[in-house]
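Student: Take a look at this one; I'll ask things after.
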Amino acid sequence: MKKRIIAIIAAILTFALMAIPAMALDADSDLIYQSNSNVYDEANLLSSSEAKKLSQKIASFNQNHNIDIVVVTLQNLQGNPNTFAENYYDSHGFGSGGSNSGVMLLISMQTRDWVITARGKGLSAFCKEGREYIGEKIQPKLSDGDYYKAFDLFCDLSEDFIVQYENGTPYTADNLPMKPFPVLPFALGSVAVAFIISLIVTAVMKSHLKSVRPQDTAKYYVRPGSLNIVNGYEQFLYSNVTSTKIRSSSDGGGGIHSSGSSSSGKF
């Protein structure tokens with residue numbers, strides 16, 4: 001009986017010792033995932049599951065192409081956003097191949113800046129107009145705080161640009177992706193135009209049916225000599241003032257600035 005108890009304890013200890021290396025391997029896997037990630041979320045804008053999902057998506061794409069995609073979030077940046085992003089890209093050794101080919105989206109929360117930087121073959125895949133086009137697409141989601149959706153959209157658009165370049169037909173200023181046709185605004189505009197035209201036609205028809213028209217003064221409704229005003233004066237009663245706020249770059253969605261290999265804007 002005593003030997004059986006010792007044997008059971010020994011078996012339990014053996015299984016426990018076997019489980020320790022497996023746990024260590026899982027921990028090592030997490031460390032490897034973090035070190036090889038192309039998502040650097042220093043501003044903590046993503047949950048761990050969102051960061052992992054986005055990183056896996058980028059890693060899967062980067063393995064099959066010669067231009068890398070990188071996403072970086074910071075609390076703050078110093079100086080000119082474009083220059084800062086270019087130095088950050090170079091100092092961290094991002095990119096693929098000897099020319100460090102890639103495209104990076106960098107977000108600064110304190111200054112509310114977004115920057116898209118391209119290097120190596122990325123400069124051929126992402127022209128100035130292309131970087132600005134992508135920035136305009138992701139800016140509304142950044143302003144709304146939908147950071148994961150903004151980064152995911154950046155990856156999808158970047159993949160489209162890179163594949164287009166590798167197929168030998170890169171996007172240019174005269175050949176950017178087709179923008180979706182604004183069906184709803186067009187429909188509303190058509191209804192508004194039709195309504196205005198109907199009002200004009202109705203007004204013209206109505207004018208031909210009336211022999212008496214409204215008058216600006218009351219003299220046509222007063223019998224001559226029946227009204228004698230001795231003292232008259234005018235009194236100002238009130239006025240309506242309408243003001244319109246002039247948006248500045250600090251309000252978000254400011255103008256896009258491009259220089260060298262980077263384009264930036266506010267969100």
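Student: Among LYS57/LYS137; LYS52/LYS141; LYS52/LYS149; LYS53/LYS149; LYS52/LYS266, which pairs are too far apart, with a Cα-Cα distance over 18 Å?
Tutor: With Cα atoms farther than 18 Å apart: LYS57/LYS137; LYS52/LYS141; LYS52/LYS266.
Student: For segment 52-139, which whole-number percentage of the solvent-accessible area (1.4 Å probe, protein heavy atoms only) is attributable to carbon and sulfur atoms?
Tutor: On segment 52-139, the fraction of accessible area on carbon and sulfur atoms equals 43 percent.
Student: Quick one: accessible area per residue over segment 124-164, 1.4 Å probe, rounded to a whole number of Å²?
Tutor: Spelled out: the 1.4 Å probe surface of segment 124-164, per residue, equals 37 Å².
Student: Would you kindly compute the Cα radius of gyration of segment 55-174 and its largest Cα-Cα separation (Dmax), both in Å?
Tutor: According to the Cα coordinates of segment 55-174, Rg and Dmax are 13.5, 39 Å.
Student: Just subtract the alpha-carbon distance of SER91 and VAL163 from 0.36 nm times their residue separation and send over the number in nm, one decimal.
Tutor: Length gained, SER91 through VAL163: 23.3 nm.
Student: Ranked by accessible surface with a 1.4 Å probe, highest first, in what order do VAL163, VAL115 come?
Tutor: If we order VAL163, VAL115 from most to least accessible, we get VAL163, VAL115.
Student: Also, quick follow-up: Take the Cα gyration tensor of segment 134-180, multiply each eigenvalue by 5, square-root it, and list the three semi-axes largest first, rounded to whole angstrom.
Tutor: One finds semi-axes of 23, 12, 6 Å for segment 134-180.
Student: Given a 1.4 Å probe and heavy atoms of the protein chains only, how would you sort ARG112, ARG119, ARG131, largest accessible area at the top?
Tutor: Greatest to least solvent exposure: ARG112, ARG119, ARG131.
Student: Quick one: how many Å² of TYR165 are accessible to a 1.4 Å probe, rounded to 10?
Tutor: 60
Student: May I ask for log10 I(q)/I(0) of segment 64-130 at q = 0.12, 0.16, 0.18, 0.20 Å⁻¹, from a Debye sum over the Cα atoms as equal point scatterers with solvent left out?
Tutor: -0.28, -0.49, -0.62, -0.75
The values are calculated or read from the model by the stated rules, or taken from the named source; none is laboratory data. Because the structure is a prediction, the values reported are computed rather than measured. Protein only, heavy atoms only, side chains kept; ligands, DNA and RNA dropped before computing areas. Shrake-Rupley method; radii C 1.70, N 1.55, O 1.52, S 1.80 Å.
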